[in-house]
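Data block below; observations after.
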Amino acid sequence: MSRPARSRTPRTLLPSPTLSGIVAMGVAAVLITWLATRGGIGTTPTPVPTTTAAPTTTASAPTGSATPLGPLLLSESGLRALAASFGGPVYWVGAAAGKHYELQRTTSGNVFLRYLPAGVAAGDRRAFRTIGTYPLRNAYAATEGLSKQAGSVSRTLAGGWLAVYRRARPTNVYLARPGLGYQLEVFDPSSAAARQLVLSGKLRPVG
């Protein structure tokens, strides 16, 4: 899978799309455990199957090809319009006040959506919150394989979502659920913030 211009420092987690609502009691217990593990900044977001630490699975191939785009700097309305023209979902964690959105799509169809502060240009090499949406055959099997590797921490969330991150890179959380042909990645320079996003129920397709 191709990687976007090295303008980010992310890599992600969690069941994805909409981070289905998480039951109050369960959230508290899980959040406390996850926040106990903190770490440094990860590296540019990339689907698990394309990394050297990819899970050992026979089903980790991207599902197709796409016309590369970006990085493009978009307003919220521009992002919604462009995402609607894609043949598949683009995940995010909702609108953020004072932010613009940088969108990039690779030839393999991987989509990276970054939240950029006002005044920051598309392609800026600093690390900002990033949500990756990766079309992937048997995405759940690949993510489950990652969860079984040494040094990985995983949680099963509401809706069947499996969230996984590596202790060595807790800023990047990967998500997948049975039947969904996409793996999601949530990155934030703060590992605690990345996990909070995964548990927040905000992850969903742009719509």
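If we scan the range 182-192, do we find a residue that is surrounded by fewer than 24 Cβ atoms within 10 Å (Cβ to Cβ), touching a residue at least 24 places away in the same chain (Cβ under 8 Å), in contact with a strand residue (DSSP E or B) (Cβ under 7 Å, 6 or more places away or on another chain) and farther than 26 Å from GLU76 by Cα? Checked the range 182-192: no residue is surrounded by fewer than 24 Cβ atoms within 10 Å (Cβ to Cβ), touching a residue at least 24 places away in the same chain (Cβ under 8 Å), in contact with a strand residue (DSSP E or B) (Cβ under 7 Å, 6 or more places away or on another chain) and farther than 26 Å from GLU76 by Cα.
Any residue at all in the range 193-203 that is touching a residue at least 60 places away in the same chain (Cβ under 8 Å) and assigned to a strand (DSSP E or B)? Before the answer, list the steps.
From the range 193-203, those touching a residue at least 60 places away in the same chain (Cβ under 8 Å) are 193-203; that's our starting set.
In the following step, the residues that additionally are assigned to a strand (DSSP E or B) were identified as none.
Among the residues of the range 193-203, not one is touching a residue at least 60 places away in the same chain (Cβ under 8 Å) and assigned to a strand (DSSP E or B), which makes the answer no.
Pairs linking a residue in the range 135-157 that is touching a residue at least 12 places away in the same chain (Cβ under 8 Å) and outside any strand (DSSP E or B) to a residue that is among the charged types (D, E, K, R) and surrounded by fewer than 22 Cβ atoms within 10 Å (Cβ to Cβ), with Cβ atoms under 6 Å and 6 or more positions apart or on different chains, are GLY151/ARG167.
Which one is surrounded by the most Cβ atoms within 10 Å (Cβ to Cβ) among residues in the range 114-127 that are out of contact with any Leu (no Cβ under 6 Å at 6 or more places or on another chain) and touching a residue at least 40 places away in the same chain (Cβ under 8 Å)? Let's see the steps before the verdict.
Start the filter on the range 114-127 by keeping residues that are out of contact with any Leu (no Cβ under 6 Å at 6 or more places or on another chain), which leaves 114-121, 123-127.
Going one step further and asking which of them are touching a residue at least 40 places away in the same chain (Cβ under 8 Å), we end up with 114, 116, 121, 123-127.
Numbers: ARG114: 30, LEU116: 24, ALA121: 11, GLY123: 18, ASP124: 18, ARG125: 10, ARG126: 12, ALA127: 20.
Looking at the filtered set, the residue picked out is ARG114.
If you filter the range 187-207 down to residues that are under 27 Å from SER85 (Cβ atoms) and touching a Gly at 6+ places or on another chain (Cβ under 8 Å), you find that the one that is modelled with the lowest pLDDT is GLY201.
The values are calculated or read from the model by the stated rules, or taken from the named source; none is laboratory data. Values in this document were obtained by computation on a predicted structure and should not be read as measured data. Every residue, glycine as well, gets a Cβ built from its backbone with ideal geometry; the counts of neighbours run over all protein chains shown.
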